[in-house]
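Peer 1: Let me give you the structure first, and then I'll get to my questions.
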Amino acid sequence: MNVSERHGLLTTSDDLAACLGQRNLRIVDCRFDLMAPDAGREAWLAAHIPGAVYAHLDEDLSGPVTADSGRHPLPNVADAIATFSRLGIDADSRVVCYDAMGGAIASRGWWMLRWLGHREVTVLDGGLQAWLARDLPLESGRQEVAPRDFRGATDAGRVLTSSDILANLDAAVGFPLVDARDAARFRGDVEPIDTRAGHIPETLNLPFTACLNDDGTWLDPDALRRLLGPLLGDDEDVPWAVMCGSGVTACHLAISGLLAGYSEPRLYVGSWSEWIRDPSRPVGSGPAG
């Protein structure tokens with residue numbers, strides 16, 4: 001049994017196609033564009049995998065932004081439960097999340113369901129592009145599903161806070177904290193989204209895109225291990241955490257770590273956009289290390 005099967009992380013297009021129409025299958029389209037927040041929903045209405053419901057990053061997979069939060073804070077538990085109930089998910093549901101960005105947004109849906117205790121959730125490997133490459137069917141229009149009774153309880157151990165990082169900053173954060181943003185943003189050369197450039201001191205960098213093949217599918221476990229090994233070492237049970245700009249693509253890095261055989265990391269949900277809310281928090285620049 002390979003690592004992906006052991007953790008139940010990814011689903012192929014062919015496997016998903018073979019399951020279409022099953023009562024307990026729920027497909028969630030997570031397409032989103034930071035620069036055009038309505039574009040994902042419009043794309044879903046135009047064409048989507050048959051049976052797919054839509055989850056909006058800002059409205060469904062995030063809570064309200066506050067003066068202290070990052071750009072995509074978690075919703076409160078009651079709101080998250082209501083969202084997944086509305087999407088027709090319950091304890092018996094097998095959920096497959098997809099997007100058109102190699103899993104960058106779909107991984108947030110995957111992570112949130114696991115945060116609430118739902119284990120039967122995977123990401124479509126290669127996303128919509130992989131589906132289209134296999135010439136598999138699409139449908140259009142709004143997908144109506146009957147609500148179900150989703151029940152969940154959060155696992156606080158999955159979340160890392162700004163206070164946790166500050167408390168351990170002098171000890172190099174106390175464990176590897178890996179930033180999934182691209183290298184130029186991490187170094188502070190550019191900052192196209194947030195108000196300040198750079199990174200949290202002592203953090204490491206592995207852009208989530210480095211974990212993908214050219215077709216948007218995940219690298220094989222051995223290749224992922226070669227990427228993560230220099231950052232995490234040989235101990236598969238090492239405590240570690242992931243972050244990014246706002247706690248979204250960091251979830252993609254969590255899947256990569258699990259595929260590589262490492263334990264599941266904690267997620268710094270607030271990530272860079274929360275860290276810089278307080279100007280007294282230290283900021284580094286240049287390459288990691």
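Derivation of every value follows stated rules applied to the coordinates shown; laboratory data play no part. Keep in mind the model is a prediction, meaning the values are calculated, not measured. So basically every Cβ, Gly included, is an ideal-geometry build from the backbone, and we count neighbours across all protein chains shown.
Peer 1: If you go through segment 245-289 one residue at a time, how many are surrounded by fewer than 19 Cβ atoms within 10 Å (Cβ to Cβ) and closer than 13 Å to Arg196 by Cα?
Peer 2: 9
Peer 1: Do we find a residue being among the charged types (D, E, K, R) and in contact with a helix residue (DSSP H, G or I) (Cβ under 6 Å, 6 or more places away or on another chain) anywhere in segment 214-233?
Peer 2: So in segment 214-233, the residues among the charged types (D, E, K, R) come out as 214-215, 220, 222, 225-226.
Now narrow it down to the ones that are in contact with a helix residue (DSSP H, G or I) (Cβ under 6 Å, 6 or more places away or on another chain): none.
No, that holds for no residue.
Peer 1: For segment 31-82, give me the residue count where each residue is part of a helix (DSSP H, G or I), more than 30 Å from Ser163 (Cα to Cα) and more than 18 Å from the chain's Cα centre (by Cα).
Peer 2: Let us first name the residues in segment 31-82 that are part of a helix (DSSP H, G or I), namely 39-46, 77-82.
Now restrict to residues that are more than 30 Å from Ser163 (Cα to Cα): 39-46.
If we keep only those that are more than 18 Å from the chain's Cα centre (by Cα) too, we end up with 39, 41-46.
Residues meeting the conditions: 7.
Peer 1: Let me ask something else. Would you check which residues across segment 203-231 are assigned to a loop (DSSP other than H, G, I, E, B) and exposed (fewer than 14 other Cβ atoms within 10 Å of the Cβ) and list them?
Peer 2: Of segment 203-231, the ones assigned to a loop (DSSP other than H, G, I, E, B) are 203, 206-207, 213-217, 219-220.
The answer is Asn213, Asp214, Asp215.
Peer 1: Only one of (1) touching a residue at least 60 places away in the same chain (Cβ under 8 Å); (2) in a loop (DSSP other than H, G, I, E, B); (3) of a type in the set (S, T, N, Q) is not met by Ser85, so which one is it?
Peer 2: (2)
Table: residues versus (1) under 21 Å from Ala167 (Cβ atoms); (2) more than 18 Å from the chain's Cα centre (by Cα); (3) not aliphatic (A, V, I, L, M).
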residue: Arg196; (1), (2), (3): no, yes, yes
residue: His199; (1), (2), (3): yes, yes, yes
residue: Asn205; (1), (2), (3): no, no, yes
residue: Leu224; (1), (2), (3): no, no, no
residue: Gly229; (1), (2), (3): no, yes, yes
residue: Leu232; (1), (2), (3): no, yes, no
residue: Val238; (1), (2), (3): yes, yes, no
residue: Val242; (1), (2), (3): yes, no, no
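Peer 1: Moving on. Inside segment 114-152, can you point out the residues that are under 13 Å from Thr217 (Cβ atoms), surrounded by fewer than 20 Cβ atoms within 10 Å (Cβ to Cβ) and not hydrophobic (A, V, I, L, M, F, W, C)?
Peer 2: Listed by number, the residues that qualify are Gln129, Arg134.
Peer 1: More than 30 Å from Pro221 (Cβ to Cβ) and assigned to a loop (DSSP other than H, G, I, E, B) - does that describe any residue in segment 12-24?
Peer 2: Initial filter on segment 12-24 (more than 30 Å from Pro221 (Cβ to Cβ)): 21, 23.
The next check asks that each one be assigned to a loop (DSSP other than H, G, I, E, B); those that pass are 21, 23.
Within segment 12-24, one or more residues are more than 30 Å from Pro221 (Cβ to Cβ) and assigned to a loop (DSSP other than H, G, I, E, B).
Peer 1: Taking the condition in contact with a strand residue (DSSP E or B) (Cβ under 6 Å, 6 or more places away or on another chain) and basic (Lys, Arg), does Arg86 pass?
Peer 2: On the way: in contact with a strand residue (DSSP E or B) (Cβ under 6 Å, 6 or more places away or on another chain): no; basic (Lys, Arg): yes.
Here the answer is no, as Arg86 does not meet what is asked.
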